[in-house]
């Protein structure tokens, strides 16, 4: 029972410090956490995946992996960038593509038993969301000028008090975006990880129980398999949502009304 | 340890075969078959972990780690095979 308690504590402790042979991995005041470690792993895997996949670039992909990467990039270009931003979107394919694939690899790596999703830490997702907030506002200001961009929050053709109210709402909704963008990804990944962990702990509890309860352990195991499939779906969907919202925000900053 | 790695490799092969069922002729039916087979693969993995947990608990960590490693090694080998350049005929 004590082991289960420890397991739950470890599961809910979001930022457990990574220890190698009983020692913290630290550099000055910075200490490497479990989530930061898997964030780095995902970074290496993402870079390696694309480096190996596009080693010998040709107009027509000459490897199965090359074809797969081309499909992925085309998806980012057509369905995420051009769809949300119009023809101007092509310029932002590297940015959106990096976000999409890095988030995707982080989410998927978290599904390997014993691994954690780098995106399951609020510090990571908030940093990305704030960065995206700065980027899309900078894009809007660059295109329309500071005054022109600010003016876009003020709706045209309505009475001043209503326009002021709408402008206020618009500013609030802009300010909330980093929070919603980050919490959506973090909460989904962290909660998914915790749910899978809780079911594992639940299984252990049933096995350690006596009599009929032991046999009942089959149920959480079957459910665990279904939950894994669901988490796989969530991992892909959340990466898509994060990237598509980034595209929509940039598109909104580019095409103000 | 070897048992876990071998089982991991076999399960990776099972997952690979199941995905091969998705063909352009019958993508939906193939998806259903692939999902069912992958479900079976997962059940075997969980079942084996359960068996080790119940009968040889001290070997649980080593078995689990080697199971995952065996699966990942085979997956990486296939990944590298997919990255190999194919000559057009």
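Each value in this text was obtained by applying a stated rule to the coordinates, not by laboratory testing. Here the structure is a predicted model, which is why all the values come from computation and not from measurement. Quick reminder, even Gly has a Cβ in these numbers, built from the backbone with ideal geometry, and neighbours come from all protein chains shown.
In chain A, the longest principal axis of the Cα atoms and the axis of helix A:218-254 are about 20 degrees apart.
For chain A, the longest principal axis of the C-alpha atoms and the axis of helix A:2-12 are separated by about 10°.
Principal-axis analysis of the Cα atoms of chain A puts helix A:122-144 at an angle of about 10° to the longest axis. Our summary gives segment A:131-257 a relative contact order of 35 percent, counting only alpha carbon pairs under 8 angstrom and 6 or more residues apart. Highest-first packing order for the peptide set B:9-18, A:105-114, B:48-57 is A:105-114, B:9-18, B:48-57, based on the mean count of other beta carbon atoms within 10 Å. Once both labels are positioned 7 Å from their Cα atoms along Cα-to-Cβ, the gap between residue A:153 and residue B:79 label points is 4.4 nm. Computed extension length for residue A:218-residue A:256: 8.1 nm, one decimal, from 0.36 nm per residue of separation with the Cα-Cα distance subtracted. With neighbour counts taken as other beta-carbon atoms within 10 Å, the residues A:147, B:78, A:128 rank, fewest first, as A:147, B:78, A:128.
Restricting the calculation to Cα atoms, the protein assembly as shown yields a radius of gyration followed by a Dmax of 23.8, 76 Å.
Counting Cβ atoms of other protein chains within 10 Å of each residue's Cβ and taking the mean over peptide A:219-227 gives 3. Cα centroids of segment A:86-126 and segment A:29-68: 12 Å apart.
Segment B:2-83 has equivalent-ellipsoid semi-axes of 27, 16, 6 Å, by the square roots of 5 times the alpha carbon gyration tensor eigenvalues, sorted largest first. Working from Cα pairs under 8 Å separated by at least six residues, relative contact order for chain B is 45 percent. Highest mobility in the GNM of chain A, judged by mean-square fluctuation with C-alpha springs under 10 Å and restricted to A:186, A:102, A:149, is found for A:149. In the elastic network of chain A, a GNM with C-alpha springs shorter than 10 Å, the most mobile of A:165, A:242, A:199 is A:165. Legend: calculated FRET efficiency, residue A:210 to residue A:141, from the Cβ-Cβ distance at R0 = 51 Å, rounded to 0.05, equals 0.15. Relative to the 2.2 N^0.38 Å rule of thumb, segment A:63-202 has a C-alpha radius of gyration ratio of 1.34.
Put a dot 7 Å past the Cα of residue A:51, heading toward its Cβ, do the same for residue A:31, and the two dots end up 3.2 nm apart.
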